[in-house]
Amino acid sequence: MTDPFAKVAIGDPVRFSAQAWNAMLDAAKGYLREQHSAVLNPLTTTRSATIIRVKNETGSPLVRGSILGLDGPLFTPADTSEDIFLREVIFRGTTPTADQHKRRYCVLLEPAGSGTVYGYDNGSQFARAFLSGVCPVKIDIKDISHEYANIDDGNSANLVSSRFGHARILWREGEGPYGHFPGSGYGEDTGVQWAIVMLGVTGSCFSVGVANGAISARSGSAPGSGQVDLYRSGSGSYSGATEDGPLETIDVLNDSQDTMTSGNGIDDGLRVSVAWDADDVAWVAPLECGT
């Protein structure tokens, strides 16, 4: 049987079968429909809202699970066209920094090369990455009571645990077998370990502390400030908390204008509560009065 799609040699007479001619017409119509749809309906080709593509601009190849700070889109309407801008979101990825990327970062779903090094291609700079949702990532666990994680300033290898943050820790290796939670006596290891997190959240937990030096009161609209030593509260209360810590010392703000007999907003050595707002600022309130 003669192949209706057989190619011809130079100089041979060209004869079209009805089948070949109709196939060419269908292909042309399909192409025109695709072009028409791309102009009138550019949003039909958009990708996932939780997985994006990112260009590795750190200068070094990165493995799957690495963290990149987002420095803006690769294509903008001014650079190209609205059609290209609307088709796909691609960000420029750099080494994350605390000042610029605490809410603007992603976790690589696949390895990302750094381009050509010494004339050799070490892999595509473009890779898919988690922008939000559940994903695996390494976290430097500083304390087993931490329920959140943030970027580690200047580090693409892992996040760092915290009492507040934008990634909620759902599970970590240190929990031990069968999902035992911290404090259960199993797997209470700190340090860098694999974890599963929920990206794109903002949360914090209540913490107990002791004023490290006097904390000033609010003056007009300017909050007071000072430092607090944080402790791990046990058995649902802060009694005896000073036996477990201090875990760390943090800067705090005080929005109360009330002062103690000493003239301080909160006296040195007094127990306080600490909570973090959506901007990662720690706010303090006294739990006991000074003498």
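The values are calculated or read from the model by the stated rules, or taken from the named source; none is laboratory data. Predicted, not measured: the structure shown is a model, and the values here were computed from it. Neighbour counts run over all protein chains shown; Cβ positions are idealised from the backbone, glycine included.
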(request) Could you grab me the full set of residues in segment 270-284 that are surrounded by fewer than 18 Cβ atoms within 10 Å (Cβ to Cβ), under 23 Å from the mean Cα position of the chain (by Cα) and part of a strand (DSSP E or B)? (result) Ala275
(message) Looking only at residues that are under 22 Å from Thr58 (Cβ atoms) and hydrophobic (A, V, I, L, M, F, W, C) in segment 124-147, which one is farthest from the chain's Cα centre (by Cα)?
(response) Phe126
(request) Identify, by number, the condition in (1) outside any loop (DSSP other than H, G, I, E, B); (2) modelled with pLDDT of 80 or more that Gly213 doesn't meet. (result) (1)
